[in-house]
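Taking it in order: structure first as structure tokens, then the write-up.
The values are calculated or read from the model by the stated rules, or taken from the named source; none is laboratory data. Given the structure is predicted, the values throughout are model-derived calculations rather than measurements. Don't worry about glycine lacking a Cβ; one is built from the backbone with ideal geometry, like all the others, and counts go over all protein chains shown.
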Amino acid sequence: MASLCQNCGGTLIFDPARNKMSCKMCGAFFDVRDVEVQDRTEYEEQYMDCNIYVCDHCGGEIIVNSTEVSTYCIYCGNPAVVFNRVAKQRRPEFILPFSITKEQAVMILRARIRKSFFVPYHIKHFKPEAVRGIYIPYWIVNAEHYNASFIEGKVQNGKRTETHYYERAGYCTFNNLLLDASKALNDYTSEKLEPFDLTALKPFNENYLAGFYSDMSDLNEQEIINAANRRSDEMFRSEIVRDVHADNVRIVDSYAYTEINDDKVYAMLPAWFITMQFNGEPLTVLVNGDTGKVVGTFPFDKKRFISLTGLSALIMAAGFAYILYHVISFFLWMYNDDVNPNLVQFLVYVGAGVSAAAAGAINRLRRFRDTLRLTKSSQTLKYVRGRQG
Amino acid sequence: MLKFILVLILSILAGGALGTIFSLWFWSKRLTKSNILGDSTGGFDEYSEHPIKLIWASSDVDRSVMSKYFRSFRNDYLIPNGMKPADYSYLDEEFPDADDLPDVDIPLFKPLQ
């Protein structure tokens, strides 16, 4: 990495807006393919020796080709970089270069949260603490997936609801399945960054990494198979339930087996990680560096949420009480003040509706809490702070 | 009069519960839509060009046959078709009988002196 300008010797970085290498010192631009990359042996095509330096100033790791020496940090410009170790990294086969600049990523995020009704004012007018472009390693695989699912569903039989069980076994093929190859980044987060435009993949060239952070795959062969199996199982399960004609269909359990074809490829895909502070807590939001898709969950404006919920609860409560009073009075009048089965049935239906609405609200709030944890996750923050290359 | 008061109290309590829960249901939906961004991922249709090809379908089976069904899928479909699935513990593979195992007459480790 750290390719140098042919005019002035300055460090070149990749400019997503121009799709060229740019020199920050003299302002010259170069085509990525024109910046010198040595002829490599077959082994060197697969692996690259990297010297890892650590910057004393910003603490970042700078990964540099074995033939080059880092004399200063290409990110903060500080000359106090100390050689740390040599690492042999598998060379990715493809890379999807950033097509969205840092400024565009922040602008997209601002525009997106401006429309969000419950996002607090301070977040809407956030000042980014850090904006880092990171190439996330992915395995792109084609896989044959075999699955036996055991399914439960509810069937109405007259007035009774019966639970039925179903067996469905089948197979399918998944093409260009994306598997996040970095254990440090939560799979749930990286999966939400999809889709990426894989038709725009380019053969890997270290020059695209210049100016960005990057990470390397840390999955072994078995872990790649396991990741493909987990992902395929999820998709198969979500699809196979459609084959069962019942209510409240859910998978009790499944037996999944996945075979990955030999043509899997190792690729780097781009994402912007935008970190901000809110009430002393870090929030890390991701922006897909190719499509601009924003991924993250924000804390909510509690005052606004509680006052709106409370106010509408009062209005709805008054309305429901009025309706219920008249309906119950009607039933009592019809049946000469007897508590009749129709009234009981009516109240049971009301109770069932309330329970379903309560369950829906609780599930949504739980999911909100869980996804917010990911945005606040110190794991994601550590990932952002720890990557550099 | 008592009937009127009872019906009124019942209506207020039930109406209050209904109002609170439906209000929470409505605003929680708005909250997730507003504050959870990019809450989607690539699904079956994005990654598979063809629908699932069913090998086996059965309805109204008993809950207790689940383990047997998984074991049968593994042993009668995957393995005969040349696949090598992992041996999951819940498949309850039976231990071989002691008679099927060879005698162990040579200690593998020397006793400590």
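Checking the conditions here, which among A:I315, A:I328 is more than 7 Å from chain B (Cβ to nearest Cβ) and either among the hydrophobic types (A, V, I, L, M, F, W, C) or under 18 Å from B:L13 (Cα atoms) (or both)? Quick ask: steps written out before the conclusion?
Working: A:I328 fails: more than 7 Å from chain B (Cβ to nearest Cβ).
The conditions single out A:I315.
Any idea which of B:D62, B:D105, B:D97 is modelled with pLDDT of 85 or more and more than 22 Å from A:N175 (Cα to Cα)? Lay out the reasoning, then the answer.
Values: B:D105 fails: modelled with pLDDT of 85 or more; B:D97 fails: modelled with pLDDT of 85 or more.
Being modelled with pLDDT of 85 or more and more than 22 Å from A:N175 (Cα to Cα) holds for just one of B:D62, B:D105, B:D97, which is B:D62.
All but one of (1) within 14 Å of chain B (Cβ to nearest Cβ); (2) on the phi < 0 side of the Ramachandran plot hold for A:G133; which doesn't?
Unmet condition: (1).
In the range A:213-241, what residues are under 19 Å from the mean Cα position of the chain (by Cα) and over 21 Å from B:Y47 (Cα atoms)?
A:Y213, A:S214, A:D215, A:M216, A:S217, A:D218, A:L219
Specify which of the listed residues (A:Y171, A:Y165) is closer than 15 Å to A:M235 by Cβ and either facing another protein chain (nearest Cβ under 9 Å) or in contact (Cβ under 8 Å) with a residue 40 or more places away in the chain (or both). Quick ask: steps written out before the conclusion?
Details: A:Y165 fails: closer than 15 Å to A:M235 by Cβ.
Being closer than 15 Å to A:M235 by Cβ and either facing another protein chain (nearest Cβ under 9 Å) or in contact (Cβ under 8 Å) with a residue 40 or more places away in the chain (or both) holds for just one of A:Y171, A:Y165, which is A:Y171.
Would you be able to tell me the number of residues in the range A:8-29 that are crowded, with 19+ Cβ neighbours inside 10 Å and either aromatic (F, W, Y) or not in a strand (DSSP E or B) (or both)?
2
Name every residue in the range A:234-273 that is over 30 Å from A:Q104 (Cβ atoms), of a type in the set (A, V, I, L, M, F, W, C), touching a helix residue (DSSP H, G or I) at 6+ places or on another chain (Cβ under 7 Å) and surrounded by 16 or more Cβ atoms within 10 Å (Cβ to Cβ), in order of residue number.
Within the range A:234-273, A:M235, A:V249, A:I251, A:A256, A:I260 qualify.
Quick check on the range B:26-52: of everything there that is surrounded by fewer than 20 Cβ atoms within 10 Å (Cβ to Cβ) and among the aromatic types (F, W, Y), which residue is farthest from the other protein chains (Cβ to nearest Cβ)?
B:F26
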